[in-house]
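Read through the structure below, which is laid out as structure tokens, and then see the notes.
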Amino acid sequence: MQQAAVGIIGGGILGLATAYHLTQRFPQRRVVILEKEAELAQHQTGHNSGVLHSGIYYKPGSLKATNCREGKKAMEAFCAAEGIDYEICGKVIVATHEGELPALQRIYERGQANGVRCALIDAEHLHELEPAAAGIKAIHVPEAGIVNYPQVCQRLAARLQERGAQIVTNARVTGIRQQSGEVVLQTLAGDFTVDYVVNCAGLHSDRVAALGGAQPGVKIVPFRGEYYEVKPHAQHLCRNLIYPVPDPSFPFLGVHFTRMIKGGVECGPNAVLAFAREGYHKTDINLRDLAETLTYSGFLRLAATYWQTGLGEMWRSFSKAAFVKALQHLIPAIQAEDLEPAAAGIRAQAIAPDGAMVDDFMIHETARIVNVCNAPSPAATASLNIGRLIVDKLAERFT
Ligand SMILES: Cc1cc2nc3c(=O)[nH]c(=O)nc-3n(C[C@H](O)[C@H](O)[C@H](O)COP(=O)(O)OP(=O)(O)OC[C@H]3O[C@@H](n4cnc5c(N)ncnc54)[C@H](O)[C@@H]3O)c2cc1C
């Protein structure tokens, strides 16, 4: 008898990590990964900062905290075993004025509670680590790192193919039909009949959940994060990872400097409403996406509360001088002429109808479908553990 088949929607890092665990733990089961693009990892996974997060920021006991800690260990082990480029280079979170010290202290305490190796350091120690950074106090997190996530995905895909998993690209899922104990996934590459489904569709995860009849009660709102690349002559200003103290009301971490594993230094991202779920350029507009966002009560409530912050972010999007000013809080010597525009990324942020940004990872289950409804940063770091968690949920269903 053929063992139950699983269809995974989305060939980003979460879909691939889930398939990796599934094929490892249940080698007899048929696994098919359906990706709408011609290549894997073309959206969030291929457009992020490439940071291996330590887990310092997250509420102790949350899915983010536990999966980030465990996932980072698993990711490092995977990269080491597979010869993938990564580096544990350390990071500093920098308070630039007295007003940020209480928040810095809270992050430090969270780090302690989450078991992250970190230390509060004074301006002198900060200067030794990052000579160009300005700050009155900082947290040094030696275990933060950088990695090449697209390379991780290529290797996951290669291992999956060796294990007989089917990866089908150009296969946008357009319909989900549940009938007598099986699920038919209708795609642009034909129909696939499976027993169980995992929805890892990122920016479209709410729509895919709805196709399967789930009502997780949240909607994805896309936020574009724009980056600049530091030109070679100024790259010495950032040795590793330099982050600000984040605003606790937002899940985004504020513009930061990131040394990239492939070389070079990027800075950003800001966070502006994207007028298309895959709108990587300021001028990209998708009327369906935009209308859905602008008529969603959750977004309207969020916008009513945080319109000033939103306007500030938009201003930084249109004015390079304003973006540079934000960066100069961390590195005063950085100048507009040191920066050139780099590719943007779009975050899939789930928003509740009351306007709350869903902070933690969110997984919603129906009898045959596991929907990943919110997987923002640090989900790339945490992916191998989130994949394990999803496979635990599937295992409960296998008989
Ligand atoms: C700007 C930015 C910076 C970030 N920085 C970091 C960082 O430094 N460290 C970190 O850990 N995390 C970071 N993140 C978060 C991280 O990138 C994401 O959490 C992670 O990539 C999510 O992976 P995913 O597989 O869920 O989504 P995605 O990578 O978006 O994959 C979803 C896939 O589903 C496919 N899909 C969608 N709809 C369908 C459909 N109907 N049919 C078939 N396929 C479909 C898409 O084409 C896509 O390939 C960042 C994110 C952004 C945007």
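The values are calculated or read from the model by the stated rules, or taken from the named source; none is laboratory data. Note that the coordinates shown come from a computational prediction; the quantities given were computed from them, not determined experimentally. When we count neighbours, we look across all protein chains shown, and the Cβ atoms used for this are built from the backbone with ideal geometry, even at glycine. Note: areas computed on protein heavy atoms with side chains; ligands, DNA, RNA excluded. Shrake-Rupley method; radii C 1.70, N 1.55, O 1.52, S 1.80 Å.
Computed quantities for the displayed model
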quantity: Label-point separation, Arg163 to Tyr280 (7 Å along Cα→Cβ), nm; calculated: 2.9 nm
quantity: Ordering of 31-44, 75-88, 345-358, 320-333 by packing [mean C-beta count within 10 Å, highest first]; calculated: 31-44, 345-358, 320-333, 75-88
quantity: Whichever lysines have a C-alpha closer than 17 Å to that of Lys320, once near sequence neighbours (fewer than 8 apart) are set aside; calculated: Lys231, Lys282
quantity: Square roots of 5 times each gyration tensor eigenvalue, C-alpha, the chain, largest first, Å; calculated: 36, 23, 19
quantity: Spherically averaged projected area in nm², based on the convex hull that wraps the Cα atoms of region 177-242; calculated: 8.3 nm²
quantity: Potential lengthening between Ala81 and Ala356 on full extension [0.36 nm per residue; Cα-Cα distance subtracted]; calculated: 95.0 nm
quantity: Residues of region 37-148: accessible area per residue with a 1.4 Å probe, Å²; calculated: 42 Å²
quantity: Fraction of antiparallel bridges per DSSP, the chain only, in percent to nearest 5; calculated: 75 percent
quantity: If the convex hull is drawn through the Cα atoms of region 103-229, its volume per residue in Å³; calculated: 224 Å³
quantity: Cα point-scatterer Debye curve for region 230-332, base-10 log of I(q)/I(0) at q = 0.13 Å⁻¹; calculated: -0.58
quantity: Computed P(r) (all Cα pairs; region 240-399; 5 Å bins; percent); calculated: 2, 7, 13, 18, 18, 16, 12, 8, 4, 2, 1, 0, 0
quantity: Whole-angstrom gap from region 147-162 to region 337-399, using each part's C-alpha centre; calculated: 19 Å
quantity: Inter-label distance for Leu287 and His236, nm, one decimal - labels placed 7 Å from Cα along Cα-to-Cβ; calculated: 5.4 nm
quantity: Percent of C-alpha pairs per 10 Å bin, region 1-105, short to long; calculated: 11, 30, 34, 15, 7, 2, 0
